[in-house]
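The values are calculated or read from the model by the stated rules, or taken from the named source; none is laboratory data. Since the model is a prediction, treat every value here as computed from it, not as a measurement. FYI the Cβ positions are ideal-geometry reconstructions off the backbone, even for glycines, and counts take in every protein chain you see. Surface areas here come from the heavy atoms of the whole protein model, side chains and all, with no ligands, DNA or RNA. Shrake-Rupley method; radii C 1.70, N 1.55, O 1.52, S 1.80 Å.
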Amino acid sequence: MTQPAVFINCPFTPDYQTHFRAIVFTVSRSGLKPRSALEADDASQNRFEKICQIIGECSYGIHDISMTELDPGSGLPRFNMPLELGVYLAAKKFGGERQRTKKCLIFDSAPHRYQQFISDIAGQDIHSHAGQVDKLIEEAAKWLRDEARRPNIPGGRAIAGEFHRFAAELSDICAAKRLHPEELTFQDYRAIAAEWIVAESAANG
């Protein structure tokens with residue numbers, strides 16, 4: 001049976017790496033397949049077309065629009081996350097029958113903050129993670145358990161505990177594979193996390 005896919009739309013910056021990896025882990029632990037624009041590096045394919053293709057193939061989306069600070073180099077804000085959220089919402093609104101069943105979770109760092117910079121989504125239910133990894137995991141796990149109808153998946157606090165154990169073991173896992181944690185690709189990390197989850201579940205019966 002094919003795993004339902006979840007499009008992850010978030011910053012790919014070093015300061016968000018732990019949060020991004022936490023989302024990927026949570027999606028995998030919830031029995032779904034994480035998808036990201038980082039999963040393919042094909043110079044023959046236009047990046048925006050690739051994002052649209054991935055969005056079209058996903059039943060669920062997790063979007064974090066919290067990183068609105070100005071870039072230190074350019075002095076400009078980051079618009080990729082709101083753009084990709086807009087594409088996802090447009091796919092649901094104007095797509096075919098399959099696209100209209102899409103569901104998404106939108107994160108910001110504080111309640112109602114988004115109204116100051118993207119007020120057109122004021123009618124959406126926005127979740128706050130306050131910049132905290134554990135809160136992000138708990139909110140994502142709860143949403144996935146309900147929306148994907150996965151009642152046997154553990155709660156967010158349990159998944160957060162598993163994520164921290166996995167993160168603590170990641171360096172040793174990478175060393176055994178002759179990899180460095182900082183050079184892991186999205187594909188590498190997704191596969192390693194999935195392997196660890198399967199092994200951990202088997203060990204705990």
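Give me the pairs: first residue in region 185-205 and among the small types (Gly, Ala, Ser), second residue surrounded by 12 or more Cβ atoms within 10 Å (Cβ to Cβ), beta-carbon distance under 7 Å, and six or more apart or on different chains, which are they?
Qualifying pairs under 7 Å: ALA193/VAL24; ALA193/PHE25; ALA193/SER28; ALA193/PHE166; ALA194/SER28.
Determine whether ILE173 is β-branched (Val, Ile, Thr), open to solvent by less than 80 Å² (accessible area, probe 1.4 Å), under 18 Å from the mean Cα position of the chain (by Cα) and closer than 20 Å to ALA22 by Cα. Give the derivation first.
Working: β-branched (Val, Ile, Thr): yes; open to solvent by less than 80 Å² (accessible area, probe 1.4 Å): yes; under 18 Å from the mean Cα position of the chain (by Cα): no; closer than 20 Å to ALA22 by Cα: yes.
The answer is no for ILE173.
Determine, yes or no, whether ARG98 is surrounded by fewer than 19 Cβ atoms within 10 Å (Cβ to Cβ), farther than 17 Å from ALA22 by Cα, modelled with pLDDT under 95 and in contact with a Ser or Thr (Cβ under 8 Å, 6 or more places away or on another chain). Before you say what the answer is, go through the steps one by one.
Details: surrounded by fewer than 19 Cβ atoms within 10 Å (Cβ to Cβ): yes; farther than 17 Å from ALA22 by Cα: yes; modelled with pLDDT under 95: yes; in contact with a Ser or Thr (Cβ under 8 Å, 6 or more places away or on another chain): no.
No, not satisfied.
Could you tell me whether region 122-134 includes any residue that is polar (S, T, N, Q), open to solvent by 70 Å² or more (accessible area, probe 1.4 Å) and closer than 21 Å to GLN17 by Cβ? Before you say what the answer is, go through the steps one by one.
Here is the first cut: in region 122-134, the residues polar (S, T, N, Q) are 124, 128, 132.
Subsequent filtering for residues that are open to solvent by 70 Å² or more (accessible area, probe 1.4 Å) retains 124, 132.
Remaining after also requiring closer than 21 Å to GLN17 by Cβ: 132.
Yes; the residues of region 122-134 include at least one that is polar (S, T, N, Q), open to solvent by 70 Å² or more (accessible area, probe 1.4 Å) and closer than 21 Å to GLN17 by Cβ.
Can you tell me which residue in region 141-164 is least open to solvent (accessible area, probe 1.4 Å), limited to those that are charged (D, E, K, R) and in contact (Cβ under 8 Å) with a residue 24 or more places away in the chain? Explain how you work it out, then say what you get.
We begin by selecting, within region 141-164, every residue charged (D, E, K, R); these are 142, 145-147, 149-150, 157, 162.
From the residues that got through so far, the ones that are in contact (Cβ under 8 Å) with a residue 24 or more places away in the chain too are 145, 147, 150, 162.
On the way: ARG145: 63, GLU147: 58, ARG150: 65, GLU162: 23 Å².
Looking at the filtered set, the residue picked out is GLU162.
Quick check on region 24-43: of everything there that is of a type in the set (D, E, K, R) and surrounded by fewer than 16 Cβ atoms within 10 Å (Cβ to Cβ), which residue is nearest to the chain's Cα centre (by Cα)? Reasoning before the result, please.
The first filter runs over region 24-43 and keeps only residues of a type in the set (D, E, K, R), leaving 29, 33, 35, 39, 41-42.
Subsequent filtering for residues that are surrounded by fewer than 16 Cβ atoms within 10 Å (Cβ to Cβ) retains 39, 41-42.
Values: GLU39: 12, ASP41: 18, ASP42: 21 Å.
Within region 24-43, the match that is nearest to the chain's Cα centre (by Cα) is GLU39.
Can you tell me which residues in region 65-76 are surrounded by 14 or more Cβ atoms within 10 Å (Cβ to Cβ) and at pLDDT below 80?
Initial filter on region 65-76 (surrounded by 14 or more Cβ atoms within 10 Å (Cβ to Cβ)): 65-68.
Correct list: THR68 only.
Can you report the number of residues in region 1-16 which are assigned to a helix (DSSP H, G or I) and surrounded by 15 or more Cβ atoms within 10 Å (Cβ to Cβ)? Steps first, please.
So in region 1-16, the residues assigned to a helix (DSSP H, G or I) come out as 14-16.
Still in the list and also surrounded by 15 or more Cβ atoms within 10 Å (Cβ to Cβ): 16.
So the count comes out to 1.
Looking at region 44-64, is at least one residue of a type in the set (Lys, Arg), within 23 Å of GLU139 (Cα to Cα) and open to solvent by 40 Å² or more (accessible area, probe 1.4 Å)? Don't jump to the end; show me each part of the working.
Keep residues of region 44-64 that are of a type in the set (Lys, Arg), which gives 47, 50.
From the residues that got through so far, the ones that are within 23 Å of GLU139 (Cα to Cα) too are none.
No, that holds for no residue.
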